[in-house]
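The values are calculated or read from the model by the stated rules, or taken from the named source; none is laboratory data. Being a predicted model, the structure only gives us computed values, none of them experimental. A quick note on method: Cβ atoms are made from the backbone with ideal geometry, for glycine too, and the neighbour counts reach across all protein chains shown.
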Amino acid sequence: MERTIQPLGCFRRNADAVASHRCKVEEHRWVNDRYKYLRLSADADLAGTTRPGQFYQLKCPATNDLQPFLLRPMSVYGVGPQAGAIEFLYNVAGVGTRALSDLPVGGQMDIVGPLGNTFAFESAFTRVMVVARGVGLATMAPLLQQAAKAGVQITAVMSARTPKDLMRDEFLRGAQADVHCVYDSDGTSAVPAVDALVRGLLDARHHDAVYTCGSHRILMMLQELLRDYPQTRGEVAMEQRMACGMGVCLSCVRLFDQNGDKHFLRVCREGPVFPIRDVVGEVEFG
């Protein structure tokens with residue numbers, strides 16, 4: 001008998017709204033030495049159809065020196081207040097983002113989305129924790145705004161290489177939070193130190209959920225840690241290399257274990273948000 005594999009519990013999709021959009025570049029600037037802020041506008045209601053945790057596929061422009069072929073997946077940093085406004089915050093690293101970094105204000109860009117599922121957030125929550133590093137700050141920034149608007153208290157653990165890389169204000173965007181900053185430069189971002197910090201925060205006050213993105217080692221630490229806090233939900237927005245972004249190419253599969261039942265699932269299609277407890281750390285093939 002053929003068995004149908006059901007998606008994991010956090011699977012929430014906005015598939016009817018997926019479309020290709022021709023956007024105008026309204027603002028494009030450096031935030032620091034590594035990250036750029038990009039604001040686009042489209043004729044469609046992107047703000048009304050895009051949810052925290054979802055992403056878009058961006059068609060990066062070709063230049064004389066850089067010829068990106070595939071679309072690049074990028075998590076949504078913010079939407080609105082206008083219906084067609086959408087924001088991205090990205091690290092200038094590879095061929096695609098280096099080409100994107102030269103896109104001029106007033107220029108055009110094609111994007112496809114919204115893609116993926118969303119964070120499981122309930123307005124009845126009293127307090128949530130976000131543990132973010134690097135690009136994870138952009139991924140979870142909309143979640144902070146959602147929690148703040150619902151009156152839910154926020155604990156934020158922010159990790160970066162050095163204080164100048166942190167982007168605290170860009171992450172919070174005015175949301176009130178109990179913020180704890182850790183850095184590679186002084187050793188406070190080491191896994192044992194973050195483990196002790198998070199445990200102390202969870203012991204001091206109950207958190208309905210812990211969310212993370214941006215660091216595999218922190219993800220694995222939280223998976224082990226949350227075994228001691230069964231009443232706290234844990235979710236991760238997974239980062240994975242993607243080609244199509246729609247589940248066709250199977251380039252982004254990861255192994256998940258739900259109550260002993262193992263599944264290979266596509267990060268772009270069944271994710272990118274998954275329960276922390278279901279992630280399998282490393283997979284060996286062959």
The residue that is farthest from Ala85 (Cα to Cα), considering only those in segment 34-49 that are at pLDDT 95 or above and of a type in the set (Ser, Thr, Tyr), is Tyr37
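Grab the strands (runs of 3 or more DSSP E) fully contained in segment 228-286, keeping just those with 2 or more residues being among the basic types (Lys, Arg). Talk me through it step by step, then tell me what you get.
Values: elements: 233-237, 253-258, 261-266, 273-275.
Correct list: 261-266.
Taking Phe274 as the residue in question, decide whether it is without any contact (Cβ under 8 Å) to a residue 12 or more places away in the chain, touching a Phe, Trp or Tyr at 6+ places or on another chain (Cβ under 9 Å) and either surrounded by fewer than 19 Cβ atoms within 10 Å (Cβ to Cβ) or within 23 Å of Leu115 (Cα to Cα) (or both).
On the way: without any contact (Cβ under 8 Å) to a residue 12 or more places away in the chain: no; touching a Phe, Trp or Tyr at 6+ places or on another chain (Cβ under 9 Å): yes; either surrounded by fewer than 19 Cβ atoms within 10 Å (Cβ to Cβ) or within 23 Å of Leu115 (Cα to Cα) (or both): yes.
Taking the combined requirement at face value, the residue does not satisfy it.
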Note on segment 255-271: residues basic (Lys, Arg) and surrounded by 14 or more Cβ atoms within 10 Å (Cβ to Cβ) are Arg266, Arg269
Sole miss for Gly151 among (1) in a loop (DSSP other than H, G, I, E, B); (2) of a type outside the set (Phe, Trp, Tyr); (3) assigned by TED's automatic domain parsing to the domain that holds Gly200; (4) touching a helix residue (DSSP H, G or I) at 6+ places or on another chain (Cβ under 7 Å) is condition (4)
* Answer yes if at least one residue in segment 198-205 is on the phi < 0 side of the Ramachandran plot, out of contact with any helix residue (DSSP H, G or I) (no Cβ under 6 Å at 6 or more places or on another chain), in the same structural domain as Thr162 (by TED's automatic domain parsing) and of a type in the set (Gly, Ala, Ser), and no otherwise. => yes
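So is Gln223 touching a strand residue (DSSP E or B) at 6+ places or on another chain (Cβ under 9 Å), in contact (Cβ under 8 Å) with a residue 12 or more places away in the chain, polar (S, T, N, Q) and on the phi < 0 side of the Ramachandran plot or not? Working first, answer last.
Numbers: touching a strand residue (DSSP E or B) at 6+ places or on another chain (Cβ under 9 Å): yes; in contact (Cβ under 8 Å) with a residue 12 or more places away in the chain: yes; polar (S, T, N, Q): yes; on the phi < 0 side of the Ramachandran plot: yes.
Judged against the criteria, Gln223 is a match.
Given the options Val198, Val210, name the one that is part of a helix (DSSP H, G or I) and surrounded by 12 or more Cβ atoms within 10 Å (Cβ to Cβ). Steps first, answer last, please.
Details: Val210 fails: part of a helix (DSSP H, G or I).
Val198 is the lone residue from the list that is part of a helix (DSSP H, G or I) and surrounded by 12 or more Cβ atoms within 10 Å (Cβ to Cβ).
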Of the residues in segment 102-123, those that are in a loop (DSSP other than H, G, I, E, B), under 26 Å from Leu143 (Cβ atoms) and touching a residue at least 40 places away in the same chain (Cβ under 8 Å) come to Gly116, Thr118, Phe119, Ala120, Phe121, Glu122
